[in-house]
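The values are calculated or read from the model by the stated rules, or taken from the named source; none is laboratory data. Bear in mind the structure is a predicted one, so any value in this text is a computation, not a measurement. Here Cβ is always computed from backbone atoms with ideal geometry, including for glycine, and neighbour counts include all displayed protein chains. Calculation scope for accessible area: heavy atoms of the full protein, side chains included, ligands and nucleic acids excluded. Shrake-Rupley method; radii C 1.70, N 1.55, O 1.52, S 1.80 Å.
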There are 2 protein chains.
Amino acid sequence: MQAYKSLEERFARIGSIEDALGILQWDTETMMPQGAADSRSDQLATLKGIAHELLTAPDTGDLLGQAEQDSDHLDEWQRANLREMRRIYLHAAAVPADLVEANSRAVSRAELVWREARQNGDFALLLPHLAQVLSFQQQIGQAKGEALELSPYDALLDSYDPGLRQAAIDPLFAELGAELPVLVREAQERQKRLPAIQPLNGPFPVDDQRRIGEQLMKAVGFDFNQGRLDVSLHPFCGGSTGDVRITTRYSEANFMSALMGVLHETGHALYEQGRPETWRRQPVGLARGMSLHESQSLLIEMQACRSREFVTYLAPLVRETFQGEGPAWSPENLHRILTRVEPGFIRVDADEITYPAHILVRYTLEKALIAGDLLIEDLPSAFNEEIKKLLGLTVPDDSLGCLQDIHWPGGAWGYFPTYTLGAMTAAQLFRAACQADADILPGLEKGDFAPLRSWLRANVHAKGSLMTTDQLVAAATGQPLTAEVFRAHLRERYLTH
Amino acid sequence: MQAYKSLEERFARIGSIEDALGILQWDTETMMPQGAADSRSDQLATLKGIAHELLTAPDTGDLLGQAEQDSDHLDEWQRANLREMRRIYLHAAAVPADLVEANSRAVSRAELVWREARQNGDFALLLPHLAQVLSFQQQIGQAKGEALELSPYDALLDSYDPGLRQAAIDPLFAELGAELPVLVREAQERQKRLPAIQPLNGPFPVDDQRRIGEQLMKAVGFDFNQGRLDVSLHPFCGGSTGDVRITTRYSEANFMSALMGVLHETGHALYEQGRPETWRRQPVGLARGMSLHESQSLLIEMQACRSREFVTYLAPLVRETFQGEGPAWSPENLHRILTRVEPGFIRVDADEITYPAHILVRYTLEKALIAGDLLIEDLPSAFNEEIKKLLGLTVPDDSLGCLQDIHWPGGAWGYFPTYTLGAMTAAQLFRAACQADADILPGLEKGDFAPLRSWLRANVHAKGSLMTTDQLVAAATGQPLTAEVFRAHLRERYLTH
């Protein structure tokens with residue numbers, strides 16, 4: 001028990017450093033004056049280094065071994081906590097410090113060059129830097145893979161989503177990929193048959209947008225006593241344990257984009273605010289992984305808040321807030337705006353039905369790049385070919401193609417698939433929730449999220465990392481993750497009525 | 001050189017943690033949602049603990065010894081840096097970890113109880129907690145005193161103001177104390193002979209107050225590319241290296257209080273933003289001590305911004321900002337508002353001339369308490385007696401007496417004298433600056449702080465901790481710190497014209 005208790009103390013300490021980092025990172029995006037960037041980099045690097053040193057201290061491995069030998073005395077949560085400690089330790093200890101540092105430097109440079117390359121559509125400019133990041137990611141995947149007995153790409157996946165394997169993704173994405181082009185085409189044809197969507201004409205004052213955003217956050221269940229809403233260039237959910245901070249950005253021309261963004265981040269925040277109270281500062285109390293995290297944001301944004309039920313509640317609310325008039329503000333028109341399908345080049349602007357196509361393209365390519373089956377200099381043409389295949393679009397310029405995302409220059413390889421796995425998981429969880437509690441959908445019609453929230457709390461949030469993602473999804477929905485529920489959801493929303 | 005270089009790296013790392021703490025503390029006062037207090041306490045305690053561990057690591061003493069033996073190879077700044085490292089190390093290593101922790105816990109409890117005790121004027125409620133904090137402060141003073149070869153109170157003084165000793169304060173404060181009651185009486189008599197002060201009638205919109213505050217901050221020389229202005233309950237200057245953040249609080253009824261508060265904190269900020277560029281992350285690059293820090297805020301607020309010259313510039317500016325009309329907005333009336341004398345019970349509301357009386361009272365009492373010459377249960381009566389003696393006021397209630405400040409329950413013993421030493425230093429520096437550069441006063445009349453700022457940069461800010469406070473003051477003003485320049489300033493401002 002002694003070894004386990006020592007580990008709990010050490011991980012609590014690491015958790016506090018991570019929490020401090022969360023606030024500093026939030027500050028960097030929202031409050032920090034530009035000239036403080038260098039000083040902030042020093043702070044972040046120092047704290048990250050200290051957390052890493054604590055984690056990989058010479059005796060951590062011994063303590064883990066002792067605690068594992070003694071694990072009969074631990075209860076279910078403690079055992080799961082110990083398992084998570086081991087996993088985190090293996091990931092951290094697997095990569096030599098000089099590789100961590102070299103990768104971090106390469107990423108900083110590549111991100112910098114990327115901003116210029118994207119602006120000018122100049123892939124050649126980024127190429128040498130991207131090649132270097134890829135090489136370090138291959139080495140990291142290799143090193144982690146050896147420690148975890150996984151392929152390099154599976155090891156990278158495991159960093160973002162513990163337990164996620166290529167072998168599980170491939171069939172799900174293949175099924176989805178086969179149907180997507182048909183779905184998109186049919187949804188667009190149906191859209192054409194309906195009367196034209198009427199635009200909402202602004203300007204929509206930012207103060208009103210913030211007010212209604214906060215009002216809906218509260219309705220969804222965001223606890224402002226333990227969190228905030230602010231503005232940043234790229235919206236995110238961050239902060240620390242007990243202090244969950246989300247951001248959005250406002251445009252006076254279009255309130256819907258910020259509002260749906262706020263609801264999306266509120267879904268993430270609900271997960272963070274609902275993590276198990278007693279285990280909040282331990283690994284087992286953390287959110288399970290990025291697929292499940294994305295499932296929570298998409299469940300709130302896509303499943304709940306773009307449902308006909310919620311839009312019935314939303315329409316009069318926004319009409320009143322922005323003093324809107326005329327048929328453009330009807331629930332019917334609002335719902336059509338919120339479910340409009342339009343293939344486009346930019347992933348972050350994509351609708352629910354074309355978004356997965358963007359992910360499938362990136363997944364296919366990053367797998368091949370990590371495995372060495374695709375050369376980095378061939379990325380632009382391969383990217384454009386895949387987009388053509390899945391979305392029927394001809395990419396005119398790499399800034400609208402393979403240069404649009406920060407993930408690859410930023411060293412986040414193995415992250416992309418979690419977006420679409422999150423969408424699938426959201427559909428499956430939402431269906432199970434609605435089947436389990438008949439009050440959920442009528443609640444949304446009144447802006448009452450309490451029934452939905454309490455199902456999510458019990459079945460997802462409060463579980464922390466007690467189970468694997470697979471186990472959690474199966475326990476909550478009665479079956480492992482399938483593509484079918486998501487596909488059915490898309491057909492139901494975009495092809496019927 | 002190797003040992004010295006290792007120390008530089010270690011102290012840079014500690015500096016980055018301190019910087020992170022600075023941002024987190026700023027966030028606690030300005031942004032943090034209430035419910036996050038516990039989680040934030042964990043973060044602060046963890047980072048402070050890590051910084052302390054790095055500082056008092058077993059090999060720090062050896063490295064210091066080696067570097068000192070080898071110090072012939074160091075240049076002037078490096079030698080001063082090494083001297084500061086030794087001083088910081090002695091302070092930190094002198095106090096056993098369990099005493100640090102026990103004191104910190106006692107302080108947390110006492111601060112909590114203090115809020116209630118102050119509200120109800122209930123000294124008996126605070127007494128046991130205050131007694132405990134005092135006891136720990138005596139022990140800390142004792143422990144540091146042994147390591148530094150100082151008396152306990154001198155050791156506490158040295159924590160806030162390196163090199164400051166009771167033997168230096170006593171004669172300065174005695175001289176001031178003898179004159180203060182006369183000065184206050186004469187200033188009030190003169191005030192009565194003049195026409196009545198005309199009040200400025202609001203409301204003064206907060207947005208306008210913020211705008212003019214920012215405008216004057218820029219005029220004084222605050223760099224918004226490396227800093228911010230925000231709102232907090234208790235105004236302060238904080239943040240981190242290269243990211244200096246000041247706060248104020250606004251009242252719609254009175255703009256002058258927030259504006260002068262902003263200028264005060266801008267004085268502190270100017271010092272922080274002007275620390276020597278190359279040494280910013282090393283001990284020698286830090287501000288010299290609390291007396292000198294306070295001298296910089298008071299020099300800007302009291303010496304420069306309440307001068308007739310600056311008020312000539314200020315009056316039309318505020319009249320325009322707040323669309324004021326009539327003789328109340330004349331420079332003459334504004335200057336009289338800004339230099340009004342009125343003995344009162346509350347230190348933080350005191351004017352320039354009665355403020356030192358509040359400090360002298362606290363200095364006398366805390367010296368006696370630490371030395372054991374005054375019993376803590378006798379504090380209220382002793383406090384009221386001293387206030388009567390220096391200000392002629394009868395304290396009706398301990399909430400207006402010895403319960404008003406957080407310093408004693410907060411464990412900040414030895415801090416109070418730096419306020420008035422700062423005021424004396426400000427007067428002496430300002431006079432020297434004006435003598436050295438004839439453009440300074442005419443500059444203030446045009447809102448141009450550049451001449452004053454460049455003198456302060458060269459003679460104070462950019463010196464960091466290269467010299468002792470005494471050396472710095474003597475080098476900048478041609479003489480050691482005296483009470484006479486401050487007394488002359490008070491006589492000139494409050495008794496003449």
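What distance in nm separates the simple spin-label points at A:Arg211 and B:Thr468, each placed 7 Å from Cα in the Cβ direction?
The answer from the label model is 6.2 nm.
Expressed as a whole percentage, what fraction of the accessible surface of the stretch A:1-74 belongs to carbon and sulfur atoms when a 1.4 Å probe is rolled over the protein heavy atoms?
On the way: 1480 of 3270 Å².
So the carbon and sulfur contribution to the accessible surface is 45 percent.
I'd like the accessible area for A:Val107: 1.4 Å probe, protein heavy atoms, all chains in place, Å² to the nearest 10.
Accessible surface of A:Val107 is approximately 20 Å².
Go through the stretch B:283-289 residue by residue and turn each phi into a ³J(HN,Hα) via Karplus (6.51, -1.76, 1.60, θ = phi - 60°); whole Hz please, and just put x for glycine and proline.
Working through the residues one at a time gives x, 5, x, 7, 4, 5, x Hz.
For B:Arg228, which sequence-distant residues (separation of 5 or more, or a different chain) have an amide H within less than 5 Å of its own amide H, given hydrogens modelled in the peptide plane?
Distant-sequence amide H within range of B:Arg228: B:Val244, B:Arg245, B:Ile246.
Per residue, how large is the accessible surface of the protein assembly as shown? Use a 1.4 angstrom probe and give square angstrom.
Details: 40520 Å² over 994 residues.
Per-residue value: 41 Å².
Using the Kyte-Doolittle scale, find the helices of chain B whose mean hydropathy is at least -1.0 and whose Cα atoms extend 30 Å or more along the helix's long axis, counting only whole DSSP H runs.
Details: long enough: B:2-30 (42 Å, -0.48); B:97-120 (35 Å, -0.66); B:123-148 (35 Å, 0.50); B:166-193 (40 Å, -0.33).
Correct list, ordered by number: B:2-30, B:97-120, B:123-148, B:166-193.
List the residues, sorted by chain then number, that are 5 or more residues from A:Leu286 or on another chain and whose placed amide H is less than 5 Å from its amide H.
So A:Leu286 has HN proximity to A:Ser465.
Express the relative contact order of the stretch A:1-74 as a whole percentage, based on alpha carbon pairs under 8 Å and six or more residues apart in sequence.
Numbers: 34 pairs, mean separation 46.6, N = 74.
Reported relative contact order: 63 percent.
Multiplying the sequence separation of A:Asp373 and A:Gln119 by 0.36 nm and subtracting their Cα-Cα distance, what value in nm do you get? Numbers along the way, then the final one.
On the way: separation 254, 0.36 × 254 = 91.44 nm, distance 2.84 nm.
Gain on stretching A:Asp373 to A:Gln119: 88.6 nm.
Please work out the FRET efficiency for the pair B:Glu325 and B:Glu9, using the Cβ-Cβ distance as r and a Förster radius of 56 Å; give the result to the nearest 0.05. Before the final figure, lay out the partial values.
On the way: r = 61 Å, r/R0 = 1.10.
Working from the Cβ atoms, E equals 0.35.
Heavy atoms only, 1.4 Å probe, whole protein assembly: order B:Tyr271, B:Tyr160, B:Tyr419 by accessible area, highest first.
Working: B:Tyr271 0, B:Tyr160 60, B:Tyr419 35 Å².
Listed by decreasing accessible area, they come as B:Tyr160, B:Tyr419, B:Tyr271.
In square angstrom and rounded to 100, what buried accessible area do you get between chains A and B, total over both, with the probe at 1.4 Å? Intermediate results must be reported in sequence, preceding the final value.
Details: alone 21560 and 21570 Å², together 40520 Å².
Rounded to the nearest hundred, the buried surface is 2600 Å².
Please report, largest first and rounded to whole Å, the three semi-axes of the ellipsoid equivalent to the stretch B:2-94, where each semi-axis is the square root of five times an eigenvalue of the C-alpha gyration tensor.
Values: eigenvalues 212, 34, 16 Å².
Over the Cα atoms of the stretch B:2-94, the ellipsoid semi-axes are 33, 13, 9 Å.
Using Cα centres only, tell me the gap between the stretch A:392-469 and the stretch A:155-227 in whole Å.
Measuring centre to centre over Cα atoms gives 8 Å.
Quick check on the stretch B:162-497: take the gyration tensor over C-alpha atoms, sort the square-rooted eigenvalues as a ≥ b ≥ c, and tell me if it's rounded (a/c under 1.5), prolate or oblate. It would help to have the intermediate numbers written out before the result.
On the way: a/c = 1.43, a/b = 1.10, b/c = 1.31.
It is rounded, given that a/c, with a ≥ b ≥ c, falls under 1.5.
Under a 5 Å amide H to amide H cut-off, with H placed in plane at 1.01 Å, what residues pair with A:Gly121 once short-range neighbours are removed?
Hits under the 5 Å cutoff: A:Ser399.
Using all C-alpha to C-alpha distances in the protein assembly as shown, build P(r) with 10 Å bins and read off the rounded percent in each one.
2, 9, 17, 21, 18, 14, 11, 6, 1, 0
Looking at the protein assembly as shown, what % of its DSSP beta bridges pair antiparallel, to the nearest 5?
On the way: 10 of 20 bridges.
Rounded to the nearest five, the antiparallel share is 50 percent.
Place a point 7 Å from the Cα of A:Lys446 along the Cα-to-Cβ direction; which residues of the stretch A:186-220 have their backbone N under 19 Å from it?
A:216-220
In whole percent, and with a 1.4 Å probe on the protein chains, what portion of the accessible area of the stretch A:140-199 is carbon and sulfur?
Within the stretch A:140-199, the accessible surface is 54 percent carbon and sulfur.
Share of antiparallel DSSP beta bridges in the stretch B:162-497, in percent to the nearest 5?
Values: 5 of 10 bridges.
Of the beta bridges lying entirely in the stretch B:162-497, close to 50 percent run antiparallel.
In nm, one decimal, shortest first: how far is the label point of B:Leu99 (7 Å from Cα along Cα to beta carbon) from the matching points in the other copies?
Distances to the matching label points in the other copies: 4.8 nm.
Just reorder B:Arg118, A:Arg185, B:Arg13, B:Arg40 by solvent-accessible area, largest first, 1.4 Å probe, all chains present. It would help to have the intermediate numbers written out before the result.
Details: B:Arg118 90, A:Arg185 130, B:Arg13 65, B:Arg40 5 Å².
In descending accessible area the options line up as A:Arg185, B:Arg118, B:Arg13, B:Arg40.
Taking 20 Å² as the minimum loss, tell me which residues in the stretch B:273-293 lose that much accessible area going from the chain by itself to the full protein complex (1.4 Å probe).
Flagged in the stretch B:273-293: B:Arg281.
Under the Karplus relation 6.51 cos²θ - 1.76 cosθ + 1.60, θ = phi - 60°, what is the ordered set of whole-Hz ³J(HN,Hα) values for the stretch B:221-228, x standing for Gly and Pro?
Once rounded to whole Hz, the list reads x, 5, 9, 6, 6, 10, x, 8.
Output the relative contact order of chain A, whole-number percent, from Cα pairs under 8 angstrom with separation of 6+ residues. Write out the running numbers ahead of the final one.
On the way: 692 pairs, mean separation 98.5, N = 497.
Over chain A, the number comes to 20 percent.
Tell me the accessible surface of A:Met32 in square angstrom (1.4 angstrom probe, heavy atoms of protein chains only), to the nearest ten.
That residue has around 40 Å² of solvent-accessible surface.
Separation between the A:Arg308 and B:Ala458 pseudo-spin-labels, each 7 Å from Cα along Cα→Cβ, expressed in nm?
7.9
To the nearest 10 square angstrom, what accessible area does A:Asp223 show with a 1.4 Å probe?
My reading of the accessible area for A:Asp223 is about 60 Å².
In whole percent, how big is the carbon plus sulfur part of the accessible area of the stretch A:335-455, probe 1.4 Å, protein atoms only?
Ligands and nucleic acids excluded, carbon and sulfur reach 50 percent.
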